[in-house]
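Visitor: Can you read through this structure? Questions will come right after.
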Amino acid sequence: MTRRFYILMAVLFLLLVLAAVGSALVGVAAIQPSELLHSQIFLQLRLPRILLSILAGAGLSVCGAAYQSVFRNPLTDPYVLGISSGASLGASLAILFGLQAYLWGVGLAALVAALGTVLLVYRIASIGNRLHTTTLLLTGVCLTFLITAVISFIMVLRQDKMDSIIFWTMGSFASASWFDVAVVAPVVVIGMVAVAFHSKDLNLLLTGSETARSLGVDVERVKKVLLFFTTLIVAFVVSSCGVIGFVGLVVPHCVRLVLGADNRRIIPASILLGALFVLLCDTMARTVLQPSELPVGSLTALVGAPLFIYLLYKNKKQY
């Protein structure tokens, strides 16, 4: 680890703290700094929303970093295995049958559908005790298109539910609660620790499965462990706040362009940058058009895509 890396981490952490404080103070009802710890708006509404956005950004980013190494493809994102489409189908059916009236009714349906979709993808891509990564990717893409078609069919049949389904599929932290934080936090934290623990193995996987195996890596075990924990992270995040696209793709890729290909640096930097990125986007989503609110997923794409293109242009000689 270089001095530059530690300075960058310190700066990202400081920016995250400042962004969290700033996000707590702004909104339809402005809060004075002296009133912050005594304000029910902060304690019951904004603080769980801030924490959930931080968890979502960190979790999606670290999953993106892991997937890009496991699949050896910098354009792989956390939703490539059909997790988002499966969750969207579960949420759409829950909204269709009025389950949003129950505590975590939509979230639970999304979680079950997301995990079920990934289990199906794994089943199709498994050959004996081995996972065929190319088949895994292709199956995830095909199921995504199939499920998207089913969701479109549902929205055409029930146009009165269309707005709710579309808003959910674009992501939002508007309904964030302490219950959401309590459910998502353990999964995200444990998952991030597991991915960080295997950062050296991820570096070796970048050289190819055969090379990694010759260097002592149990390739199939590492792939299964990483895919298990990252799948749980993404499924729980999506079930709590909907689909927030582009984060898992752009954040680790931007970090890689700045810090190089070493996952021992990419993973912790992606955690902080992803948390900061989603927190800022969510703060913008609830303040730009207040009292109305924008879907946070649209802002992550609107802000992230131009930045991503710019960094690719500046570093195009590396590709």
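Visitor: Being of a type in the set (A, V, I, L, M, F, W, C) and surrounded by fewer than 19 Cβ atoms within 10 Å (Cβ to Cβ) is the filter; apply it to segment 223-234 and report the residue that is nearest to ALA91 (Cα to Cα). Steps first, please.
Guide: Keep residues of segment 223-234 that are of a type in the set (A, V, I, L, M, F, W, C), which gives 225-229, 232-234.
Still in the running and surrounded by fewer than 19 Cβ atoms within 10 Å (Cβ to Cβ): 225, 228.
On the way: VAL225: 27, PHE228: 22 Å.
The selected residue is PHE228.
Visitor: VAL222 versus (1) at pLDDT 90 or above; (2) touching a His at 6+ places or on another chain (Cβ under 9 Å); (3) not polar (S, T, N, Q): which is the lone unmet condition?
Guide: (1)
Visitor: Quick check: anything in segment 100-111 in contact with an Asp or Glu (Cβ under 9 Å, 6 or more places away or on another chain), touching a residue at least 40 places away in the same chain (Cβ under 8 Å) and either closer than 19 Å to PHE167 by Cβ or assigned to a helix (DSSP H, G or I) (or both)?
Guide: yes
Visitor: Consider only pairs whose beta carbons are under 6 Å apart and that are at least six residues apart or on different chains; among these, list those whose first residue lies in segment 155-180 and is closer than 20 Å to SER292 by Cα and whose second residue is at pLDDT below 80.
Guide: Nothing qualifies.
Visitor: Now for a separate question. Assuming PHE236 fulfils every condition listed in (1) over 21 Å from HIS132 (Cβ atoms); (2) touching a helix residue (DSSP H, G or I) at 6+ places or on another chain (Cβ under 7 Å); (3) of a type outside the set (D, E, K, R); (4) at pLDDT 90 or above apart from one, which condition is it?
Guide: Condition (4) is where PHE236 drops out.
Visitor: In the list GLU210, GLU220, which residue meets the criterion of being more than 19 Å from LEU60 (Cβ to Cβ) and touching a residue at least 60 places away in the same chain (Cβ under 8 Å)? Talk me through it step by step, then tell me what you get.
Guide: Values: GLU210 fails: touching a residue at least 60 places away in the same chain (Cβ under 8 Å).
So the residue among GLU210, GLU220 that is more than 19 Å from LEU60 (Cβ to Cβ) and touching a residue at least 60 places away in the same chain (Cβ under 8 Å) is GLU220.
Visitor: Now for a separate question. Please find, among LEU206, LEU232, LEU279, the residue that is hydrophobic (A, V, I, L, M, F, W, C) and farther than 22 Å from PHE179 by Cα. Before the answer, list the steps.
Guide: Working: LEU232 fails: farther than 22 Å from PHE179 by Cα; LEU279 fails: farther than 22 Å from PHE179 by Cα.
None of the other options fit; the residue is LEU206.
Visitor: To continue, here is another question. State whether the residues of segment 76-91 include one that is touching a Ser or Thr at 6+ places or on another chain (Cβ under 9 Å) and at pLDDT 90 or above.
Guide: No, the conditions are met nowhere in segment 76-91.
Visitor: Residues that are farther than 21 Å from PRO74 by Cα and touching a Ser or Thr at 6+ places or on another chain (Cβ under 9 Å): does segment 208-221 have at least one?
Guide: Of segment 208-221, the ones farther than 21 Å from PRO74 by Cα are 213-218, 221.
Of the ones still in play, those that are also touching a Ser or Thr at 6+ places or on another chain (Cβ under 9 Å) are 215, 217.
Yes, segment 208-221 contains a residue that is farther than 21 Å from PRO74 by Cα and touching a Ser or Thr at 6+ places or on another chain (Cβ under 9 Å).
Visitor: Hey, another quick one. Might you let me know whether segment 31-53 holds any residue that is crowded, with 23+ Cβ neighbours inside 10 Å and within 28 Å of LEU202 (Cβ to Cβ)?
Guide: Yes, segment 31-53 contains a residue that is crowded, with 23+ Cβ neighbours inside 10 Å and within 28 Å of LEU202 (Cβ to Cβ).
Visitor: Here is a follow-up. Of everything in segment 137-168 that's of a type in the set (Phe, Trp, Tyr) and under 23 Å from the mean Cα position of the chain (by Cα), which residue is surrounded by the most Cβ atoms within 10 Å (Cβ to Cβ)?
Guide: The initial filter retains those residues of segment 137-168 that are of a type in the set (Phe, Trp, Tyr), namely 145, 153, 167-168.
Remaining after also requiring under 23 Å from the mean Cα position of the chain (by Cα): 145, 167-168.
Numbers: PHE145: 10, PHE167: 17, TRP168: 26.
Filtering first and then ranking leaves TRP168.
Visitor: Within the group VAL237, VAL255, VAL251, which residue is buried (at least 17 other Cβ atoms within 10 Å of the Cβ) and in contact with a Phe, Trp or Tyr (Cβ under 8 Å, 6 or more places away or on another chain)?
Guide: Details: VAL237 fails: in contact with a Phe, Trp or Tyr (Cβ under 8 Å, 6 or more places away or on another chain); VAL255 fails: in contact with a Phe, Trp or Tyr (Cβ under 8 Å, 6 or more places away or on another chain).
Exactly one residue qualifies, and that residue is VAL251.
Visitor: Being part of a loop (DSSP other than H, G, I, E, B) and in contact with a Ser or Thr (Cβ under 8 Å, 6 or more places away or on another chain) is the filter here; which residues of segment 114-163 pass it? Lay out the reasoning, then the answer.
Guide: Initially, segment 114-163 is screened for residues part of a loop (DSSP other than H, G, I, E, B), giving 128-129, 132, 158.
Once the filter is applied, which keeps residues that are part of a loop (DSSP other than H, G, I, E, B) and in contact with a Ser or Thr (Cβ under 8 Å, 6 or more places away or on another chain), segment 114-163 yields only HIS132.
Visitor: Please state which one of THR211, THR134 is surrounded by fewer than 19 Cβ atoms within 10 Å (Cβ to Cβ), under 23 Å from the mean Cα position of the chain (by Cα) and either of a type in the set (Asp, Glu) or modelled with pLDDT under 90 (or both). Show your work before the answer.
Guide: Values: THR211 fails: under 23 Å from the mean Cα position of the chain (by Cα).
Among THR211, THR134, only THR134 is surrounded by fewer than 19 Cβ atoms within 10 Å (Cβ to Cβ), under 23 Å from the mean Cα position of the chain (by Cα) and either of a type in the set (Asp, Glu) or modelled with pLDDT under 90 (or both).
Visitor: Has segment 286-297 got at least one residue that is surrounded by 23 or more Cβ atoms within 10 Å (Cβ to Cβ) and either closer than 25 Å to PHE71 by Cβ or in contact with a helix residue (DSSP H, G or I) (Cβ under 6 Å, 6 or more places away or on another chain) (or both)?
Guide: Yes, segment 286-297 contains at least one residue that is surrounded by 23 or more Cβ atoms within 10 Å (Cβ to Cβ) and either closer than 25 Å to PHE71 by Cβ or in contact with a helix residue (DSSP H, G or I) (Cβ under 6 Å, 6 or more places away or on another chain) (or both).
The values are calculated or read from the model by the stated rules, or taken from the named source; none is laboratory data. Keep in mind the model is a prediction, meaning the values are calculated, not measured. Heads up, the Cβs are rebuilt from the backbone with ideal geometry, glycines too, and the neighbour counts pull from every protein chain shown.
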